[in-house]
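What follows is a set of notes on a single structure, which appears directly below.
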Amino acid sequence: MLIEIIGAPGAGKELAADLLDVLHERGISARQPRATAPLAESRGLPLGPEQDLDTTRWLIGAGLAAQVTAERERTLHGPARVVVSRSTGWGALAHWLAAEDLRTGRTPPHSRYADLARLVVAACQRDLVLLLPHDEPRGEDAAAERQHQFALRVDWYLHRLIDEEGITAVHLPLPMEAARASAVERVLDLCREPAL
């Protein structure tokens, strides 16, 4: 089972760790793919306003490789039955679209990223997509305000990508406590199904 958590910077994608803890408490073997953003930054491939198309392509490929590795790994409870992903693919695409928007003042045409979007869609069958609302507070200085505005753009592009590609996503509610409770309940409902 693949569960994806999608959200803008500051939305709270650390929710993935909470879900892993809940699943482990229930004796369900679960893994989370290794984060690719720190590895990308160490290679000079920033995730953010400076991101370009090559960085985005690398991030999507590295994210898919990390996901496959997580699916094959064993846990204390045996082979992984659930993979909880923070969706490097959708996040990387939305970051790049927001970065291009900031640099040029225009939305890149779909033809420029259609192949990457198809790769993200086709690479794996998702059982549940959880979309976190943008919840980052406004910045108190100019740098923090720029980060806030960038996060708002990423959030807008995430919603656009999900709609364009016809992905069925569960929109989690605010505040974060309500989002966590909703996500945990939906994941546990899936895990109770006999097919798993």
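The values are calculated or read from the model by the stated rules, or taken from the named source; none is laboratory data. Please read these numbers as outputs of a predicted model, since none were measured by experiment. Cβ atoms come from the backbone with ideal geometry, glycine included; neighbour counts cover every protein chain shown. What goes into the accessible areas is simple: the full protein's heavy atoms, side chains included, and nothing from ligands, DNA or RNA. Shrake-Rupley method; radii C 1.70, N 1.55, O 1.52, S 1.80 Å.
Observations on the structure shown:
- Against the numbered list (1) surrounded by 12 or more Cβ atoms within 10 Å (Cβ to Cβ); (2) at pLDDT below 90; (3) among the hydrophobic types (A, V, I, L, M, F, W, C), residue 196 comes up short only at (1).
- Failed criterion for residue 125 (all others in (1) in contact (Cβ under 8 Å) with a residue 40 or more places away in the chain; (2) open to solvent by 80 Å² or more (accessible area, probe 1.4 Å); (3) under 30 Å from residue 27 (Cβ atoms); (4) assigned to a helix (DSSP H, G or I) hold): (4)
- Filtered residues of the stretch 65-90 (kept if within 12 Å of the chain's Cα centre (by Cα) and hydrophobic (A, V, I, L, M, F, W, C)): 84, 90
- Once the stretch 97-122 is narrowed to residues that are hydroxyl-bearing (Ser, Thr, Tyr) and without any contact (Cβ under 8 Å) to a residue 24 or more places away in the chain, the residue that is surrounded by the most Cβ atoms within 10 Å (Cβ to Cβ) is 107.
- Count - residues of the stretch 128-155 that are among the acidic types (Asp, Glu), farther than 25 Å from residue 178 by Cβ and assigned to a helix (DSSP H, G or I): 1
- Residue pairs meeting the criteria (Cβ under 6 Å; at least 6 apart or on separate chains; first within 13 Å of residue 52 (Cα to Cα) and open to solvent by 10 Å² or more (accessible area, probe 1.4 Å), in the stretch 85-96; second of a type in the set (A, V, I, L, M, F, W, C) and not in a helix (DSSP H, G or I)): 95/47
- Criterion (buried (at least 17 other Cβ atoms within 10 Å of the Cβ) and either at pLDDT 90 or above or part of a helix (DSSP H, G or I) (or both)) met by exactly one of 158, 190: 158
- Pairs with Cβ under 9 Å, 6+ apart, first in the stretch 50-68 and closer than 10 Å to residue 88 by Cα and in contact (Cβ under 8 Å) with a residue 12 or more places away in the chain, second charged (D, E, K, R) and surrounded by 21 or more Cβ atoms within 10 Å (Cβ to Cβ): 63/86
- Answer from 14, 41, 4 - the residue that is within 19 Å of residue 181 (Cα to Cα) and without any contact (Cβ under 8 Å) to a residue 40 or more places away in the chain: 14
- For the stretch 161-182, taking the residues that are small (Gly, Ala, Ser) and within 30 Å of residue 114 (Cβ to Cβ), the one that is surrounded by the fewest Cβ atoms within 10 Å (Cβ to Cβ) is identified as 166.
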